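A short worksheet on the structure shown next.
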Amino acid sequence: MTDREGNGLQLDVFTCLKIDFCVSDMAVLCDWEISARCRKSQMVVPFDEELLNPASLDLRLGDYVMVESIYSPDLVRINIADKTEDDPFMLQSGEFCLAETLELFNLPDDISCQFVLKSSRARSGLNHLLAGWCDPGWHGSKLTLELKNERLHHALPLYPGLKIGQMVFHAMSNVPMHSYAETGHYNNHLTVMPSVA
């Protein structure tokens, strides 16, 4: 931001609050920026250069899902580590499950991100329930996915390593006053988790 003479102005968060706005750069990270961040700070582990897109990083399905049981309202954890593309876990028509990413995340305080389903998965009839926002400072965790088979007559295959979605990374306009590392409920979760809040 500049004054009338074109001199650069440094505004702290309290000044921004007083004047009700702050002009600052904010952008989606491109492929080489994602790569640089991941290699420098272990923002995504494991990081695979082959999964980079121009403005996102493909994510793969992990080893565990949680499914409904007729015997309890609680979801039941199932290990699908032995499932493959040729012998997958089948998510039945209309069935909901929680799943996890293979990747683990350590977001710095100046980066937020959002999960979006791969177009190929959506076109097959899989849906994600739009809860994929990740705040700056979220760390030590795999992302829990809320998946549903929207097909009426056919099951859909799930297996570890399946490209399930992509993460879009946002460079924050500024570092927040309170990081998710301090305020979040879902840090340090190494597997798929139900609601804990």
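The values are calculated or read from the model by the stated rules, or taken from the named source; none is laboratory data. None of these values were measured; they are calculated from a predicted model. So basically every Cβ, Gly included, is an ideal-geometry build from the backbone, and we count neighbours across all protein chains shown.
Every test in (1) of a type outside the set (K, R); (2) within 25 Å of Y180 (Cβ to Cβ); (3) without any contact (Cβ under 8 Å) to a residue 40 or more places away in the chain is passed by E100 save one, and that test is (3). Within the stretch 123-162, the set of residues being touching a residue at least 60 places away in the same chain (Cβ under 8 Å) and either loosely packed, with under 14 Cβ neighbours inside 10 Å or not in a strand (DSSP E or B) (or both) comprises H153, H154, A155, Y159, P160, G161, L162. Looking only at residues in the stretch 85-101 that are surrounded by fewer than 18 Cβ atoms within 10 Å (Cβ to Cβ) and part of a strand (DSSP E or B), the one that is farthest from the chain's Cα centre (by Cα) is M90.
I need the full set of residues from the stretch 16-38 which are modelled with pLDDT of 95 or more and basic (K, R), in order please. Give the steps one after another, and end with the answer.
Within the stretch 16-38, the first condition is being modelled with pLDDT of 95 or more, and the residues that meet it are 28-38.
R37, the sole residue that qualifies.
Within the stretch 139-161, the set of residues being out of contact with any helix residue (DSSP H, G or I) (no Cβ under 8 Å at 6 or more places or on another chain) and closer than 26 Å to L29 by Cβ comprises G140, S141, K142, L143, T144, L145, E146, L147, G161.
Residue under question is V192, and the condition is that it be among the β-branched types (V, I, T) and either crowded, with 18+ Cβ neighbours inside 10 Å or within 21 Å of D48 (Cβ to Cβ) (or both); does it hold? Taking the combined requirement at face value, the residue satisfies it. Over 23 Å from M26 (Cα atoms) and either in contact with a strand residue (DSSP E or B) (Cβ under 7 Å, 6 or more places away or on another chain) or modelled with pLDDT of 95 or more (or both): is that true of P136 in this structure? So P136 fails the test. Pairs are defined by a Cβ separation below 6 Å, a sequence spacing of at least 6 or placement on different chains, a first member in the stretch 38-63 that is under 24 Å from A81 (Cα atoms), and a second member that is acidic (D, E) and crowded, with 19+ Cβ neighbours inside 10 Å; the pairs so defined are V44/E103; L59/E103; G62/E100. Out of curiosity, is E50 charged (D, E, K, R), surrounded by fewer than 16 Cβ atoms within 10 Å (Cβ to Cβ), within 19 Å of the chain's Cα centre (by Cα) and at pLDDT 95 or above? When the stated conditions are applied, E50 passes them.
Among the residues of the stretch 107-138, how many are of a type in the set (V, I, T) and either under 10 Å from the mean Cα position of the chain (by Cα) or over 11 Å from M43 (Cα atoms) (or both)?
At the first step, the residues of the stretch 107-138 found to be of a type in the set (V, I, T) are 111, 116.
Okay, now just the ones that are also either under 10 Å from the mean Cα position of the chain (by Cα) or over 11 Å from M43 (Cα atoms) (or both), so 116.
Total meeting the criteria: 1.
Within the stretch 58-75, restricting attention to residues that are surrounded by fewer than 16 Cβ atoms within 10 Å (Cβ to Cβ) and of a type in the set (D, E), the residue that is nearest to L91 (Cα to Cα) is E68.
Looking at M90 and the list (1) farther than 20 Å from Y186 by Cβ; (2) in contact with an Asp or Glu (Cβ under 9 Å, 6 or more places away or on another chain); (3) touching a residue at least 60 places away in the same chain (Cβ under 8 Å); (4) hydrophobic (A, V, I, L, M, F, W, C), which single condition is not satisfied? Single failed check for M90: (2).
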